[in-house]
Every structure is written in structure tokens, then in C-alpha cells.
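Student: Before I ask anything, here is the structure I am working with.
The values are calculated or read from the model by the stated rules, or taken from the named source; none is laboratory data. Treat the numbers as computed from the prediction; the structure is a model and nothing was measured. Don't worry about glycine lacking a Cβ; one is built from the backbone with ideal geometry, like all the others, and counts go over all protein chains shown.
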Amino acid sequence: MSAANPLIHPSAIIDEGASIGAGTRVWHFSHIMPSAKVGERCIIGQNVFIDNKAVIGNGVKIQNNVSIYAGVVIEDDVFLGPSMVFTNVINPRSFIDRKNEFQNTLVRKGATIGANATILCGIEIGRYALIGAGAVVTKTVLSHAIITGNPAVQSGWVSKSGMTLEFDKEGMAICPHSGETYTLKNGIVDLDQ
């Protein structure tokens, strides 16, 4: 198997029809369903389940024990921490079929979701947002927001590099890691180009 081909551990189950991009690694006991799409250069950790119609971008890292259900879209360069959870129905009951009520969830480019966090369905996690470990996210998250707690609330802003941003009175902040400048205006953070 060349470096361009995906690396699949022998214990993983990849159903016929699943799409897995070049350079992706799928580890022990993971299962990728027939119409799932996984991009290039991803790392799919141990015991990960990727459902039909789930879409995973390029460069995504999915740690152990994560299930990604139908309707979840993960954009490029997202990090999903160990045992974090996506839901797909607001009011599940084992005795009522609610598959027609599945709600879509979108995780934008570069976002990080910490270990054991729970993401309710039907929301969007903004670009480069940082969801803290154990957070229970019940509503849409702004780009670059730091979200913590249960129920989760915004506790700050974060740069593309994952560093806390401290805005001055003019609404400017410089990432201590990259030196990039960010602006905060009307509750929205943007990276100056």
C-alpha cells in the first residue's frame, strides 16, 4: 500500500461504497458505513463509527470512541476529542421511529471539540471555535469562540492557532503564537488579512 492510499487496520470495518481519501489512517475496531465520505489525511482513532451520509473533510483528527451520525458534516482540519458525542434527534424514544426528524449539524473548518463534550443536533460550530472538555453545547457557536460548561456558555475568544485572544479597547488582539491580528466588531471576530 503506497503512502497515497488509506491505511486501514485489519480490525476496522469499511463497508463497500464508503469513500476514504488518500493518506487517511483508520485504526482498530472502527466502522465506516457505505455512503460515508472521509477526506484525505484524516486520522480515525480506535472504535470510531461514521454513519451513512456523514461527511468528513480533509485533515480531520477523530480521537477514540466518537460516533458521527447521518447529517453531521465536519469541515477540514477539525479536531474531535476522545468520547465526544454528536446527537441527531432532539427527543429520542426507543419505541418511536424518528429517523425523519434527524437534524443536521455542521462543524466548520479548524474547530476543536474537547473530550467528552456533547453537541446537540441542529447547530453549527463556527470556524476555529474551541469547545472545552465536557461542555454540553445546545446552541450555535460563533467562529473563534471559546465555549465551556454545562450548559455551555462562551468564556472568551481563541485564535486560529488555539491561543486565547485578549482584545484591547479598540477591538484588536494579536495572537501570541502566530502574531496574526484579529478584530472584534459587533460580537464577531475576524482575522485581519
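Student: Would you pick out the residues in region 58-73 that are farther than 18 Å from Pro34 by Cβ and either more than 11 Å from the chain's Cα centre (by Cα) or outside any loop (DSSP other than H, G, I, E, B) (or both)?
Tutor: Of everything in region 58-73, those that are farther than 18 Å from Pro34 by Cβ and either more than 11 Å from the chain's Cα centre (by Cα) or outside any loop (DSSP other than H, G, I, E, B) (or both) turn out to be Asn58, Gly59, Lys61, Ile62, Asn64, Asn65.
Student: Any residue that is buried (at least 21 other Cβ atoms within 10 Å of the Cβ), in the same structural domain as Arg98 (by TED's automatic domain parsing) and closer than 19 Å to Ile125 by Cβ - is there at least one of those in region 15-38?
Tutor: Checked region 15-38: at least one residue is buried (at least 21 other Cβ atoms within 10 Å of the Cβ), in the same structural domain as Arg98 (by TED's automatic domain parsing) and closer than 19 Å to Ile125 by Cβ.
Student: For region 90-137, what are the residues that are of a type outside the set (A, V, I, L, M, F, W, C), outside any loop (DSSP other than H, G, I, E, B) and modelled with pLDDT of 95 or more?
Tutor: Answer for region 90-137, where residues must be of a type outside the set (A, V, I, L, M, F, W, C), outside any loop (DSSP other than H, G, I, E, B) and modelled with pLDDT of 95 or more: Thr105, Thr112, Thr118, Glu124.
Student: Sticking with this structure for a sec: Collect the residues in region 1-55 that are outside any loop (DSSP other than H, G, I, E, B), closer than 19 Å to Asp77 by Cβ and not charged (D, E, K, R), keeping them in residue-number order.
Tutor: Ser19, Ile20, Val26, Val38, Ile43, Ile44, Ile50, Val55
Student: In this structure, is Ile32 over 20 Å from Pro82 (Cα atoms) and at pLDDT 95 or above?
Tutor: no
Student: Which condition breaks for Ser35 when tested against (1) under 14 Å from the mean Cα position of the chain (by Cα); (2) farther than 25 Å from Ala133 by Cβ; (3) hydroxyl-bearing (Ser, Thr, Tyr)?
Tutor: (1)
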